[in-house]
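Novice: Dropping the structure in here first, questions after.
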Amino acid sequence: MVVLRLIGILVLITIGLGLVLYMFTRNRRYLTFAWRVFQFAVVFLMVFMALYVLERLVLVI
């Protein structure tokens, strides 16, 4: 769980940094990068939660 929290913090920092760089430079490349990181994080979270639910179901059976 510590690794998951570390990944979450790094994702938030990366998205925030991308948004700040976009505000300073107005280069849409940074906004696109922040959006891609967000999408990857959501997919990663969905896969992790599916595996977590699967683990719980296996433990019940």
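Novice: Helix 28-60 versus the longest principal axis of the chain: what is the Cα-based angle in degrees, 0 to 90, to the nearest 10?
Specialist: With both axes taken from Cα atoms, the answer is about 10 degrees.
Novice: How high is the relative contact order of the range 2-60, given as a whole-number percent (alpha carbon pairs under 8 Å, six or more residues apart)? Numbers along the way, then the final one.
Specialist: Values: 23 pairs, mean separation 16.0, N = 59.
Value for the range 2-60: 27 percent.
Novice: Could I ask something else about it? Loop-only check: which trypsin sites (Lys or Arg not before Pro) in the range 1-33 are DSSP coil with at most 15 other Cβ within 10 angstrom? Mind showing how you got there, number by number?
Specialist: On the way: sites: ARG5, ARG26, ARG28, ARG29; in loops: ARG26.
In loop regions of the range 1-33 (DSSP not H, G, I, E or B), the sparsely surrounded trypsin sites (Lys or Arg not before Pro) are ARG26.
Novice: For helix 2-25, report the angle its Cα long axis makes with the longest principal axis of the Cα atoms of the chain; keep it between 0 and 90° and round to the nearest 10°.
Specialist: It works out to around 20 degrees.
Computed from the coordinates by the stated procedures, all read-outs in this text should not be read as laboratory data. Because the structure is a prediction, the values reported are computed rather than measured. When we count neighbours, we look across all protein chains shown, and the Cβ atoms used for this are built from the backbone with ideal geometry, even at glycine.
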